[in-house]
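Peer 1: Following this message is one structure expressed as structure tokens.
The values are calculated or read from the model by the stated rules, or taken from the named source; none is laboratory data. It should be emphasised that the depicted structure is a prediction, and the values quoted were computed from it without experimental measurement. Using ideal geometry, Cβ is built from the backbone for each residue, glycine included, and neighbour counts are taken over all protein chains shown.
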Amino acid sequence: MPKRILQGVVVSDKNEQTIVVQVERRFTHPLFKKTVRRSKKFHAHDENRAAKVGDVVRIQECKPVSKLKTWTLIENISQGQSGSTGQE
């Protein structure tokens, strides 16, 4: 069985060697025929701490690394906005 590959945005990199990636999927509602957006967060293993908050990354399914981590970082597609992310 092939391993699934997903693309999403890093929403947290606070943990040691772990990133939280938010993956969004779009589908058409079966009754109303409108496009609906649903998102889910995945914990992924980031060995080198390469990904930062706001980066678009690609993750791949793997054997369980810990209780929550069953995904691993493949590549960093694009860099996020560098600068202050807090509100002033």
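Peer 1: Would you pick out the residues in region 38-81 that are of a type in the set (Ser, Thr, Tyr) and either modelled with pLDDT of 95 or more or under 15 Å from residue 17 (Cβ atoms) (or both)? First the steps, then the outcome.
Peer 2: Initial filter on region 38-81 (of a type in the set (Ser, Thr, Tyr)): 39, 66, 70, 72, 78.
39, 66, 70, 72, listed by residue number.
Peer 1: Being among the hydroxyl-bearing types (Ser, Thr, Tyr) and under 11 Å from the mean Cα position of the chain (by Cα), is that true of even one residue in region 20-38?
Peer 2: No; the residues of region 20-38 include none that is among the hydroxyl-bearing types (Ser, Thr, Tyr) and under 11 Å from the mean Cα position of the chain (by Cα).
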